[in-house]
Every structure is written in C-alpha cells, then in structure tokens.
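Working notes, structure below.
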Amino acid sequence: MSSEHHEIKEIKLPNAILLPQVSELLSKGHTVTLRLKGFSMRPFLEDNRDKALLGKPVDIKENDAVLAEIHPKTFVLHRLIKIEGDDVTLRGDGNLRCEYCKLEDIKGKVIAFYRKGRGKADLTTGRKWKLYSKIWCSLYPVRRYLLAFYKRIWIPLLGTI
C-alpha cells in the first residue's frame with residue numbers, strides 16, 4: 001500500500017488558453033473541474049466561488065448545463081435551452097439574452113457543481129439540481145426582476161446564496 005499524497009494545485013490561465021485544452025481533455029473522455037468565472041449562472045453559481053465538474057458531452061438534452069464554444073476561443077458555461085437539428089440555443093441562468101452555436105460546438109457537459117467551497121458535489125442528475133432547474137427555468141418571464149432584486153438587495157444585505 002502506498003501512502004503517497006498528491007497535492008492539488010490550482011492554476012489561473014486566460015480562458016482563451018485554458019478552455020481549448022479542457023475541450024481536448026473532455027473529447028478524450030477525461031473529466032475536468034473548473035472554477036467558474038463570471039456571473040452568467042447566477043443566482044446559484046457565483047464567480048470565483050463555485051466549481052463545475054465537466055465530462056464528455058454525451059446524451060445532451062435541453063436544460064443541461066454545457067460548456068460551448070460560441071465563437072473561436074470564446075466559451076460559455078450556460079444552460080442548453082433548445083436543440084433544433086444542428087442548431088443550439090443557450091442561455092445562462094443569470095442572463096436574459098440567448099447565445100447560439102452548433103451541436104459540434106458543445107465541448108463538455110456539467111456532471112456536478114461544487115458550491116460554496118463544499119467538498120461534496122451537487123450532481124446534475126440529482127433531485128436538488130433537477131428541482132432548481134425546473135423552477136428557475138419556469139420563472140424566465142420574471143427573471144429580470146428576480147435577478148435585479150438579488151443583485152441590488154439580497155447580496156448587499158445577506159451575501160450570495
């Protein structure tokens with residue numbers, strides 16, 4: 001029995017350099033954990049706080065969270081809203097506008113999220129994520145007001161969820 005301990009090292013690189021490499025690893029069947037950057041998946045996923053565990057984009061369907069290349073070297077982690085043939089519509093949970101790509105531009109599928117520094121992952125196949133997704137997606141018509149409340153009132157008073 002080996003008592004080797006492997007140190008986990010966190011490296012910060014620009015997305016244009018890192019994400020093509022991540023895409024390559026995912027295409028070979030590896031999983032990758034990324035610290036999230038940006039606010040597009042608010043209110044439940046926060047910039048520089050939460051992490052996503054990504055896998056190969058197999059069996060993708062509507063409402064999945066995916067890593068997609070929407071322009072050369074421009075990647076987003078958004079929810080897949082609609083698939084029509086080879087055309088894909090994406091929207092971040094914290095966004096009001098959609099973005100578009102082709103099915104072949106989906107580079108990874110989120111398997112789980114690590115929130116608030118927890119070591120235990122919230123699986124995207126789990127009841128918690130599915131319930132959250134169903135409720136949040138159904139609120140799209142009033143999402144603008146909920147996000148404004150969250151940003152202007154909730155965060156200043158209580159911090160992030």
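Among the listed options (i) 1.13; (ii) 1.07; (iii) 1.01, the one matching Cα Rg over 2.2 N^0.38 Å as calculated from these coordinates is (ii).
What the phi angles of the stretch 144-157 give under the Karplus curve with 6.51, -1.76 and 1.60, with θ = phi - 60°, is a coupling list of 3, 6, 5, 5, 5, 4, 4, 6, 8, 10, 4, 4, x, 8 Hz, glycine and proline written as x.
Solvent-accessible area of the stretch 48-161 (1.4 angstrom probe, protein heavy atoms only): carbon and sulfur portion equals 57 percent. In this simple spin-label model, placing a label point 7 Å from the Cα along the Cα-to-Cβ direction at both residue 151 and residue 35 gives a separation of 2.3 nm. With 0.36 nm allotted per residue and the present C-alpha distance subtracted, the residue 139-residue 25 stretch has 37.5 nm of extension available. Of the GluC sites (Glu not before Pro) found in the stretch 1-78, the ones in coil according to DSSP and having at most 10 other Cβ atoms within 10 Å of their Cβ are 4, 7, 10.
Note on the stretch 86-139: the C-alpha convex hull projects to 4.8 nm² when averaged across all orientations.
The relative contact order of the chain comes to 20 percent, based on Cα pairs under 8 Å that sit 6 or more residues apart. For the stretch 92-150, the set of chymotrypsin sites (Phe, Trp or Tyr not before Pro) satisfying both a DSSP loop assignment and a count of at most 14 other C-beta atoms within 10 Å is empty. Working from Cα pairs under 8 Å separated by at least six residues, relative contact order for the stretch 40-90 is 27 percent. The H on the amide N of residue 49, modeled in the peptide plane, is under 5 Å from the matching H of 36, each at least 5 residues off or on a different chain. Solvent-accessible surface of the chain, averaged per residue with a 1.4 angstrom probe and all protein chains in place: 65 square angstrom. Straight-distance candidates among the aspartates and glutamates for linking to residue 107, with alpha-carbon spacing under 12 Å and chain neighbours fewer than 8 residues away dropped: 24, 69. What you get for the chain, charging only the Cβ of Lys and Arg (+1) and of Asp and Glu (-1), is a dipole of about 740 debye around the Cα centre.
The alpha carbons of the stretch 50-140 occupy a box of 34, 28, 23 Å along the principal axes, longest dimension given first.
The values are calculated or read from the model by the stated rules, or taken from the named source; none is laboratory data. Everything numeric here is computed off the predicted structure, so don't read it as measured data. Methodologically, a virtual Cβ is constructed for each residue, glycine included, from the backbone with ideal geometry; neighbour enumeration extends over all protein chains shown. Side chains included, ligands, DNA and RNA excluded: accessible areas come from the protein's heavy atoms. Shrake-Rupley method; radii C 1.70, N 1.55, O 1.52, S 1.80 Å.
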